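Student: What follows is a structure written as structure tokens; I'll ask about it next.
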Amino acid sequence: QLQASGGGLVQAGGSLRLSCTASTRIFTFDSMAWYRQTPGKQRELVAGRTLGGITNYANSVKDRFTISGDSTKNTVYLQMNNLRPEDTAVYYCNGNLAFTNYWGQGTEVTVSS
């Protein structure tokens, strides 16, 4: 139901925009979010957005990342600016509906120093 894209290799200080396209209306979900995971670590929340438009961010990405949605395209975006090597991870799109999590496949982001 969720298709993530937009990952790639970028130099530190650069930007990327991740996209998560849903096969259904994104406002079907109670909330949508982006998570990331590196080898040997738990998946962590990067940014989330509720149906009402309330957003929250991990402290490590505040003021650098922005989550937004385009209901006309059934797509949620994660704009990532001023990327750092520690942002390197596989990023996953998540949709939550009635306490059930739906996951897209990951998209890999690599930030070189």
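The values are calculated or read from the model by the stated rules, or taken from the named source; none is laboratory data. These numbers come from a predicted model, not from an experiment. Positions of Cβ are generated from backbone atoms using ideal geometry, with glycine treated the same way; all protein chains shown enter the neighbour counts. For the accessible areas, the whole protein counts, side chains as well, though only heavy atoms, and no ligand, DNA or RNA atoms are used. Shrake-Rupley method; radii C 1.70, N 1.55, O 1.52, S 1.80 Å.
Student: Considering only the range 83-94, I want to know if a residue exists there that is open to solvent by 60 Å² or more (accessible area, probe 1.4 Å), under 20 Å from residue 9 (Cβ atoms) and modelled with pLDDT of 90 or more.
Tutor: Going through the range 83-94, the residues open to solvent by 60 Å² or more (accessible area, probe 1.4 Å) turn out to be 84, 86.
If we keep only those that are under 20 Å from residue 9 (Cβ atoms) too, we end up with 84, 86.
Of the ones still in play, those that are also modelled with pLDDT of 90 or more are 84, 86.
Yes, that holds for at least one residue.
Student: Right, another one. If we only count strands (runs of 3 or more DSSP E) wholly inside the range 4-82, which ones have 3 or more residues that are closer than 19 Å to residue 100 by Cβ and in contact (Cβ under 8 Å) with a residue 60 or more places away in the chain?
Tutor: Numbers: elements: 8-11, 16-22, 31-37, 44-50, 55-57, 65-70, 75-80.
Output list reads 31-37.
Student: Picking from 41, 73, which residue would you name as being modelled with pLDDT of 95 or more and open to solvent by 40 Å² or more (accessible area, probe 1.4 Å)? Steps first, answer last, please.
Tutor: Details: 73 fails: modelled with pLDDT of 95 or more.
Step by step, each of 41, 73 is checked, and only 41 is modelled with pLDDT of 95 or more and open to solvent by 40 Å² or more (accessible area, probe 1.4 Å).
Student: Is one or more of the residues making up the range 57-69 more than 14 Å from the chain's Cα centre (by Cα) and surrounded by 14 or more Cβ atoms within 10 Å (Cβ to Cβ)?
Tutor: no
Student: Another one. Look at residue 48 and say whether it is more than 22 Å from residue 110 (Cβ to Cβ), touching a strand residue (DSSP E or B) at 6+ places or on another chain (Cβ under 6 Å) and at pLDDT 95 or above.
Tutor: Values: more than 22 Å from residue 110 (Cβ to Cβ): yes; touching a strand residue (DSSP E or B) at 6+ places or on another chain (Cβ under 6 Å): yes; at pLDDT 95 or above: yes.
Yes.
Student: Which one of these is open to solvent by 10 Å² or more (accessible area, probe 1.4 Å) and touching a Gly at 6+ places or on another chain (Cβ under 7 Å): 19, 15? Explain how you work it out, then say what you get.
Tutor: Numbers: 15 fails: touching a Gly at 6+ places or on another chain (Cβ under 7 Å).
Every option except 19 fails the conditions.
Student: Please enumerate the residues belonging to the range 98-113 that are surrounded by fewer than 18 Cβ atoms within 10 Å (Cβ to Cβ) and in contact with a strand residue (DSSP E or B) (Cβ under 9 Å, 6 or more places away or on another chain). Quick ask: steps written out before the conclusion?
Tutor: Start the filter on the range 98-113 by keeping residues that are surrounded by fewer than 18 Cβ atoms within 10 Å (Cβ to Cβ), which leaves 98-103, 105-106, 108, 110, 112-113.
Hits for the range 98-113 are 101, 102, 103, 105, 106, 108, 110, 112, 113.
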